[in-house]
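Worksheet: one structure, shown below.
Bear in mind these aren't lab numbers, they're just calculated from the coordinates by the rules spelled out. The shown structure was predicted, so the numbers you read here are calculated from the model rather than taken from an experiment. Virtual Cβ from ideal backbone geometry, glycine too; neighbours counted across all protein chains shown.
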Amino acid sequence: MRTCEHCSTSLEGRRRHARYCGGPCRAAASRIRGTETHELVPPVPEPTTTGESARKRTCEATAPVYEPATPTEEALAERLRLAHPDLWHAA
């Protein structure tokens, strides 16, 4: 006789591949598995910089990274410059 893997209730009348008697048992088993998994994961180390908040590390503006344009991108940019000269300004 098959039984629920969480509460050991009979699974008679359920699908043959059923492992749990219902949603609450499936959710409880998932929560238990989740805590077991988290115990195996090492804790996140503290940042090495002192006095720097997470907000400052993630929200502070950084210098943009410019990569050279490909020939296709250059051609598109030139077509846009010609089509919309009123929007183009020289740097």
Exposure proxy order (Cβ contacts within 10 Å, fewest to most) of T3, T62: T62, T3
Förster radius 22 Å - calculated FRET efficiency between T9 and R33, Cβ distance, rounded to 0.05: 0.70
Ranked Y20, Y66, criterion: other C-beta atoms within 10 Å, fewest first: Y66, Y20
